[in-house]
1. Gap in Å between the Cα centre of segment 160-191 and the Cα centre of segment 311-360?
2. Starting from the Cα gyration tensor of segment 154-249, take the square roots of the eigenvalues, sort them a ≥ b ≥ c, and report rounded, prolate or oblate (rounded when a/c is under 1.5, otherwise prolate if a/b is larger than b/c, else oblate).
3. With runs of 4+ DSSP H residues as the only contributors, calculate the mean residue ellipticity of the chain at 222 nm using -39,500 (n - 2.57) per run, divided by the residue total and rounded to the nearest 500.
4. Using Cα pairs closer than 8 Å and at least 6 residues apart in sequence, work out the relative contact order for the chain, in percent.
5. Can you tally the net charge around A310? Count Lys and Arg as +1, Asp and Glu as -1, for every other residue whose Cβ sits under 13 Å from the Cβ of A310.
6. Considering only protein heavy atoms, what per residue accessible area in square angstrom results for the chain with a 1.4 angstrom probe?
7. What net charge do the residues around H151 carry, taking every other residue with its C-beta under 10 Å from that of H151, with Lys and Arg at +1 and Asp and Glu at -1?
8. Between (1) 18, 41, 27, 11, 3, 0; (2) 13, 22, 14, 18, 23, 9, 1; (3) 14, 32, 27, 19, 7, 1, which entry matches P(r) over Cα pairs in 20 Å bins from 0, in percent as derived from the coordinates of this structure?
Amino acid sequence: MKKARRITMTAFASIVFASLMSSSAFAAPLHPVQHADWMVKKAIVSAGQNGDLALDRAVTLAEATVVFSKLKEVKVGAAAKGAHWSAPYFDWAKSQGALTQDDYKNPAQVVTSAKLTQMADKLGYKMKLDNKATVTRGEFFQALGDAATTHVTIAHTNDTHGHIQEDKNQKEFGFAKIATLLKEWRAENENFLLLDAGDTFQGTVFVNQFKGESVVPILNSLDYNVMAAGNHEFDFGYEQLLKLRDMLEHPVISANVFKADGKELLPPIFKAEIGGKKFAFVGFVAEDTPVLTHPDNVKGLTFKNPVEVAKVLVPELKKEVDHVIVVSHIGVNVDREIAKNVPGIDLIVGGHSHTPLKAPELVNGTYIVQDWEYGKSLGRADLYYLGKELVAFSGGLKEYDEAVVADPEVDKMVKEIVGKIDTVMNVVIAKSEVPLDGDRALVRTKETNVGNLITDIMLERTKSIKGYEADVALANGGGIRTQLPAGDITKKGLYTLLPFENNTLAVVEVTGEELKKALENGVSQVEEGAGRFPQVSGMSFTYNPSKPAGERVVEVKVGDKPLDLTKTYKLATIDFLAAGGDGYESLKKPFFNTGLSMYSIVEEGLVKRKTVNPKVEGRIVEAK
């Protein structure tokens, strides 16, 4: 039975992992946890006057008995006059069957691993130690911590954006290698969950051409437990998102998206019992999704502020469950706001901002993690609970490793999708009345008609993104890769023209001076045919290639007005350039990434136009 069906898509989803143990197989987190740390905070173990825990010293019977008693929160009285200080603790341990009268004879004796595991067993702990004549304090604390806590491992992904296959150059795992890692981690810990924080179904031709449906069998095979909807999950219309939800074997949740009748579009909550503890997972998506996708895709839906929704929802959930985890696609800054304003959340598994959190953040008692983008890493969080208290946490990223072996079953599914692309891509999307001049020798040295077409579409696309309507657009000629003949334009032809799947449309605010510096960079290596040469829209400029680099731009106009060096302009560009790529250092500042691939926006623009006849218009003039 599908997980999505088990929870019947109601407001509160639940599933019980009845077979999971209350303690794990002691899986190894990416960054080891030292149980002595939380034991010190809870006054279970004590340091010497110099702060030293003497972890390398052999543990004595008296020390071990005291630690067991404090872990059990046993209150003992003072030792009788003349008795060893540990006698009250020995009395308690004897009453539990953990010690015998003979043990009183030498409380300071070093203790064997067999004795310690026997004591632990009598006190309800399945402690694992190598068979040794002596055990160090550090070894004892670590083994006891493992035995006393419930260890939950959470693997998490976000913003994979359809990057289904391995890319060694971009250092992206691909799902086949991710599958191998997941199998290894699952084998380590039965208390295992796999979460996704959204933007899974959109981004490359391998998913876009199938409206996300192609990747569903892969996701089902990976056995996700729950995923949050990302803003790009709405790019094919919310009805398609609901179709994808029904195809998946795990629930898709979001607590802040509402239909016109006031009901949630998706279940807000997923509940699970793990290791005997009740968990609730809450989903959130970016409040500005209606701005980030076409308005028609979310018509009739309301996206509420996730912080405000969490303020109401989390306290109610805390009455019903032991632990609350947020799975969010709202960006790390909003994750921090939730953590600051809403107590009682153990963990926020985030997405949307494409932030590689190599170490978790701790905000107001809530841990925040995020797994970068495009399958460049696989996130892992290890949580250790003592009773209902989260006493230890480890989180991080398993970054790309070419040595990981691809899972053969998932690899086969990936190859099947790739194989379908040729058929799907031989579809005519528009017609050009003229050849589209994308030849390397042209786009890297002069204004071209296809450069004008692409940048016009970039500029046009931003006009539907409220608050990010650009004044001008700039793309690098190096991102335009081929000449297309006049006639039919197929999806495949467009893909050969714009093959860089990672390139997305971005909007950055720049001063006129910074924009001029960007143009100077663009023409700084024109004589070498460098890929940084700019193709532009909404502006025009004249440059003199005979002058020194950095001093070549003679005149710039925005529209029909001279560039104002002090004015701030919104520039539509490629995220690669906005991050300072191709030498565009003047653009390297905080920018808005639409998440829309250059391929997808140009395809959309061509479909809308049906027939194109772009011309060179004097946007770029070489002074003689």
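The values are calculated or read from the model by the stated rules, or taken from the named source; none is laboratory data. These numbers come from a predicted model, not from an experiment. Backbone-built Cβ (ideal geometry, glycine too); neighbour counts: all protein chains shown. Calculation scope for accessible area: heavy atoms of the full protein, side chains included, ligands and nucleic acids excluded. Shrake-Rupley method; radii C 1.70, N 1.55, O 1.52, S 1.80 Å.
1. 24 Å
2. Cα axes put segment 154-249 in the oblate bin.
3. On the way: 20 runs with 185 residues, N = 624.
Calculated from helices alone, the mean residue ellipticity at 222 nm is -8500 deg cm²/dmol.
4. On the way: 1388 pairs, mean separation 78.7, N = 624.
Value for the chain: 13 percent.
5. 0
6. Normalised by residue count, the accessible surface of the chain is 41 Å².
7. Residues near H151 contribute -4 overall.
8. Given (1) 18, 41, 27, 11, 3, 0; (2) 13, 22, 14, 18, 23, 9, 1; (3) 14, 32, 27, 19, 7, 1, the calculated one carries the label (1).
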